[in-house]
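Q: One structure, pasted below without further comment.
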Amino acid sequence: MTALLSNGFFLLLVKVYGAFLILGPVLLRIQFRFNAKLNPRLVPVESLPPDVQQFMAPRAQSIAGLGFDPVGYVNVGKMTSGTGRFMALFSNPRTMEWANVSVVKSASRMAGYIEFITRCSDDAQVDTNTNSTPSVLFPLPSYHVFRFPQVKDAFTLYRAHRMLVQEKIGGSKPELPQRGQELVELKRRLERYGPRQQERGYMYLGKSGEYFHLTWKGAILGAWRSVWPIASLRHWWMQSSEQDRLRSLGVAQYRPS
């Protein structure tokens, strides 16, 4: 009797899991929207939600301590349905690099990270950040993204970033927009995501031209990569491989005295 109940419960779990694998992509495809046109704007820090301010303050201070000049606080707006994005944006005219503290906020949760970006004239780019969420869509060949959620300070992250820039695009010339044109460049950089996913068959531009939607290929990939145990395995693999990369670079965690 116990074996029958156990088998019945196991079969129920399998059916529920199978149903999710089928329905997950359908629901994601219906719900997902990525804005084709964004309007990032500088705002006073006081206008940001209190929890966003609290997250940004110490991290922005640490980035400024590395020689980066503050551009300002940016309300990016809604990039995807149900979320808002905010940034504390920095640039370094001496090294021609970007830095930011990014926060993505929805009604139920908030996630944030720090980031250093070097973009070059040939459109190659190195992005080193502390984002703990692996990307579910297509990586761009010239866009090198390294996620180190285990790094807790800007000094260590920036040290790793400089080494990765030399490794990946050392012969290319970094570029920054002219002062006062930072938001124009930020808008261009963020808005290229949708078209590049469309080139790989993961998104398509809706008839209105207002939103990118997921193709079936993008919806299936996005949903299945987000389900247990795949999501947990991808997170473990990302942390393990990036920890190995930190060791190979000779970058140790910085411990402030």
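The values are calculated or read from the model by the stated rules, or taken from the named source; none is laboratory data. Because the structure is a prediction, the values reported are computed rather than measured. Here the Cβ is made from the backbone with ideal geometry for all residues, glycine too, and neighbour counts use every protein chain on show. Areas reflect the complete protein model, heavy atoms only, side chains present, ligands, DNA and RNA absent. Shrake-Rupley method; radii C 1.70, N 1.55, O 1.52, S 1.80 Å.
Q: Given the structure, is Leu137 touching a helix residue (DSSP H, G or I) at 6+ places or on another chain (Cβ under 7 Å) and touching a residue at least 60 places away in the same chain (Cβ under 8 Å)?
A: yes
Q: At least 1 residues that are open to solvent by 40 Å² or more (accessible area, probe 1.4 Å) and more than 28 Å from Phe148 (Cβ to Cβ) in each: list the helices (runs of 4 or more DSSP H) lying fully within the range 171-257 that qualify.
A: It comes to 182-191, 193-199, 216-225.
Q: Still on this structure, I have one more. Using the structure shown, decide if Asp69 is in contact with a helix residue (DSSP H, G or I) (Cβ under 7 Å, 6 or more places away or on another chain), among the acidic types (Asp, Glu) and open to solvent by 10 Å² or more (accessible area, probe 1.4 Å).
A: No.
Q: Okay, moving on. If a residue must be part of a loop (DSSP other than H, G, I, E, B) and either in contact with a helix residue (DSSP H, G or I) (Cβ under 6 Å, 6 or more places away or on another chain) or modelled with pLDDT of 85 or more (or both), how many such residues does the range 141-156 contain?
A: Result for the range 141-156: 6.
Q: Looking for whichever is assigned to a loop (DSSP other than H, G, I, E, B) and either touching an Asp or Glu at 6+ places or on another chain (Cβ under 8 Å) or surrounded by fewer than 19 Cβ atoms within 10 Å (Cβ to Cβ) (or both) here; the options are Arg94, Arg29. Which one fits?
A: Arg94
Q: For the range 116-130, which residues satisfy the criterion of being in a loop (DSSP other than H, G, I, E, B) and either open to solvent by 40 Å² or more (accessible area, probe 1.4 Å) or without any contact (Cβ under 8 Å) to a residue 24 or more places away in the chain (or both)?
A: Matches in the range 116-130: Ser121, Asp122, Asp123.
Q: Given the structure, is Glu199 acidic (Asp, Glu), under 28 Å from Ser226 (Cβ atoms) and free of Cβ contacts under 8 Å to residues at least 60 places away in the same chain?
A: Judged against the criteria, Glu199 is a match.
Q: Still on this model: Can you name the residue in the range 97-115 that is among the aliphatic types (A, V, I, L, M) and at pLDDT below 95 and is also most open to solvent (accessible area, probe 1.4 Å) among such residues?
A: Ala107
Q: Cβ-Cβ below 6 Å, separation at least six or inter-chain, first residue in the range 208-234 and touching a residue at least 12 places away in the same chain (Cβ under 8 Å), second in a helix (DSSP H, G or I) and open to solvent by 60 Å² or more (accessible area, probe 1.4 Å): which pairs?
A: Qualifying pairs under 6 Å: Leu214/Arg29; Ala219/Arg29.
Q: Give me the residue from the range 34-46 that is open to solvent by less than 70 Å² (accessible area, probe 1.4 Å) and touching a Phe, Trp or Tyr at 6+ places or on another chain (Cβ under 9 Å) and, out of that set, farthest from Glu182 (Cα to Cα).
A: Phe34
Q: From Ser226, Ser232, Ser208, Ser241, grab the single residue that is farther than 27 Å from Phe32 by Cα and out of contact with any Lys or Arg (no Cβ under 6 Å at 6 or more places or on another chain).
A: Ser241
Q: Could I ask something else about it? Go through (1) within 17 Å of Phe90 (Cβ to Cβ); (2) open to solvent by 50 Å² or more (accessible area, probe 1.4 Å) for Tyr143 and report which single condition fails.
A: If we test Tyr143 against (1) within 17 Å of Phe90 (Cβ to Cβ); (2) open to solvent by 50 Å² or more (accessible area, probe 1.4 Å), just (1) comes out false.
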